[in-house]
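Below: the structure, in structure tokens.
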Amino acid sequence: MRDLENKVAAITGAASGIGRGLAEALAKEGAELALSDIDEVGLEETRARVATVAPRVTTRVVDVADRGAVEAWADEVVRQHERVNLIFNNAGVALSSAIVDMTYEDLEWLMGINFWGVVHGTKSFLPHLLAARDGHVINISSIFGIMAVPGQGAYHAAKFAVRGYTECLREELDMMDAGVSATSVHPGGIKTNIARAARMSGSTLGDVSAEEAAEQFDRAARTTPEEAAVEILDGVRSNARRVLVGWDAKLMDAVQRALPTSYQGLVVRGMKIARARIV
């Protein structure tokens, strides 16, 4: 899918961050947009930003953890736009907690959005993409779907699962010669509000407040949502199986490839040093 003009692109989590960046980039390409998010105010802000550029924009407030809501939205997109060609399963949340402190409720909340939200979006839109024989499923995993760090057990569980789910889907679609493809996207630190909206239960770094943790994330995040959107769409055009977004994602991927299990010892050592400095 090298030409995105007149394609219909559906995006979850479009109220801010990478979702908004994708909406703006796709609008400039001449794509029609179907945008969703649970944040109605932010969703309207995104709509207003792209409405004068995109040939057509529709929006719907959707909780991606609700399978029925996603299915209804997918059907609505096809009714409103007459087809759909791309689904960007982008909506996501964060949870910072050591596994020993993590509640089942927090884990289920995160998995409902970060994993099941991707499944719901894929399953709801895939039949429409196959019917069009011209489509692409883009699932947003993370560099934390490739390597692990302490305090992110729930996030890793979801993002590793998204990677495996998407890679399997890609293989199956390739076998079908269906005119539909799939890409797993692995961003590093992106300048979004995900850390500030995260749930936090204890810290592997010791006595660190939620605000301090968010500030640490802001300092580490170097890639803008707009830059991320460009890299993701380049991956769609080249039909990439995996897209690494940001220099930090590329570096961490290289470390994992070079040290597939022993990188964990380096991470533990670094975390202990960081914790000692804080204490």
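Every read-out reported here was derived from the displayed coordinates using simple, explicitly stated rules and does not represent laboratory data. Quick caveat, the model's predicted, so the values are computed rather than measured. Here Cβ is always computed from backbone atoms with ideal geometry, including for glycine, and neighbour counts include all displayed protein chains.
Structure data summary
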quantity	calculated
Antiparallel content of DSSP bridges confined to the chain, in %, to 5	0
Cα-based shape type of region 227-279, given that a ≥ b ≥ c are square roots of the gyration tensor eigenvalues and the cut on a/c is 1.5	oblate
Distant-in-sequence amide H partners of ALA34 (H built 1.01 Å from N, under 5 Å)	ALA9, ALA10, ILE11, THR58
The chain: angle of helix 247-258 to the longest principal axis, Cα-based, in degrees nearest 10	70
Cα-only radius of gyration and Dmax that characterise region 8-278, units Å	18.3, 58
Taking PHE88, PHE144, PHE125, PHE160 and counting other C-beta atoms within 10 Å, the order from fewest to most	PHE160, PHE144, PHE125, PHE88
Likely footprinting exposure, TRP109, TRP116, TRP247, fewest C-beta neighbours within 10 Å first	TRP247, TRP109, TRP116
DSSP loop GluC sites (Glu not before Pro) with at most 12 other Cβ within 10 Å excluded, longest remaining stretch of the chain	83-279
Near-label residues of region 78-104 by backbone N, under 14 Å of a point 7 Å along Cα→Cβ of ASP134	82-86
Within the chain, helix-based [θ] at 222 nm, where runs of 4 or more DSSP H residues each add -39,500 (n - 2.57), nearest 500	-16500 deg cm²/dmol
Of every Cα-Cα pair in region 1-56, the percent that sits beyond 15 Å	36
Neighbourhood net charge (14 Å Cβ-Cβ; Lys/Arg +1, Asp/Glu -1) for TYR165	+3
0 to 90° range, to nearest 10: angle between helix 225-237 axis and the chain longest Cα axis	60
Amide H within-cut-off set for ALA65, under 5 Å, with H built and near neighbours excluded	none
Helix 153-176 axis, angle to the chain major axis (alpha carbon atoms, nearest 10°)	40
Rounded if a/c under 1.5, otherwise prolate or oblate - region 37-178, Cα gyration tensor axes	oblate
Label-point separation in nm, GLU172 to ALA72, each point 7 Å along Cα→Cβ	2.6
Footprinting exposure proxy for LEU126, LEU33 (fewest neighbouring C-beta atoms within 10 Å first)	LEU126, LEU33
